[in-house]
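Chemist: Would you mind keeping the following structure in view while I ask a few things?
The values are calculated or read from the model by the stated rules, or taken from the named source; none is laboratory data. Nothing here was measured: the structure is a model prediction, and the numbers come from that model. When we count neighbours, we look across all protein chains shown, and the Cβ atoms used for this are built from the backbone with ideal geometry, even at glycine. Calculation scope for accessible area: heavy atoms of the full protein, side chains included, ligands and nucleic acids excluded. Shrake-Rupley method; radii C 1.70, N 1.55, O 1.52, S 1.80 Å.
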Amino acid sequence: MKMMRIVVLAFMLAGMFVQSAFAGWDPRDGDDAANAVEFFRKNAPGLDRFFEHAYGYAVFPDVYKGGLIMLGGAHGSGYVYELNTLIGRSSITQVNVGPQLGGQSFAEIVFFKSKEDLDNFKRGNFELNAQATAVLVNSGMATNIDYSNGVAVFVIPKAGVMAEATVGGQKFSYKPF
């Protein structure tokens with residue numbers, strides 16, 4: 001049983017570094033992106049002001065995270081909006097080092113305050129490090145949260161259990177349609 005868990009975790013970690021190839025625009029992308037945005041609007045109504053005033057945002061409907069002993073990571077795919085118009089795809093990869101055990105899935109959204117902040121993201125120069133904080137969305141979420149260095153990051157847990165005391169960072173990629 002222990003060996004099976006190790007094999008499953010190894011496949012999860014390997015899956016973080018393998019991506020599907022895309023040959024361009026897929027009509028389902030528009031529906032998937034709209035569903036991801038609707039998920040956040042429905043489950044976090046306190047984010048309405050960000051949707052209304054942000055220059056752009058990247059939404060990741062399913063990010064999968066796993067960790068075993070001292071190494072873990074996460075990966076997910078998402079969509080990028082500029083002025084509420086879908087403009088491309090993005091991926092998120094995270095690597096963590098430190099004591100950890102378990103697996104979980106979550107949805108994440110990154111709001112960009114200005115054109116400059118979004119352009120920095122689109123150039124591939126965007127990382128969130130250990131000093132950046134994602135706000136865990138819950139029903140009692142504070143509505144006075146604001147941007148930090150031009151971005152605001154929110155996470156909604158979906159499933160799983162994970163215990164960790166880690167240091168790591170998130171790296172994002174961007175591919176226009």
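Chemist: Counting Lys +1, Arg +1, Asp -1, Glu -1, what net charge surrounds residue 75 among other residues with beta carbon under 12 Å of its beta carbon? Before the final figure, lay out each step's value.
Modeler: Numbers: positive: 65, 171; negative: 62, 108.
Residues near residue 75 contribute 0 overall.
Chemist: Working out 0.36 nm times the residue gap between residue 84 and residue 48, then minus their Cα-Cα distance, what length gain in nm do you get to one decimal? Intermediate results must be reported in sequence, preceding the final value.
Modeler: On the way: separation 36, 0.36 × 36 = 12.96 nm, distance 1.27 nm.
In short, 11.7 nm is gained.
Chemist: Another question about this same structure. Where Lys and Arg each count +1 and Asp and Glu each count -1, what net charge lies around residue 120 among other residues with Cβ under 12 Å from its Cβ?
Modeler: Values: positive: 113, 115, 122, 123; negative: 116, 117, 119, 127.
Result for the neighbourhood of residue 120: 0.
Chemist: Moving on to the next point. How far is it, in nm, from the label point at residue 116 to the one at residue 173 when both lie 7 Å from their Cα along the line to the Cβ?
Modeler: 2.9 nm
Chemist: Turning to a different aspect of this structure: Taking a probe of 1.4 angstrom, what is the accessible area of residue 162 in Å², to the nearest 10?
Modeler: The value for residue 162 is about 40 Å².
Chemist: What spacing in nm lies between the two simple spin-label points modelled at residue 127 and residue 62, each 7 Å away from Cα in the Cβ direction?
Modeler: So the label points at residue 127 and residue 62 sit 2.8 nm apart.
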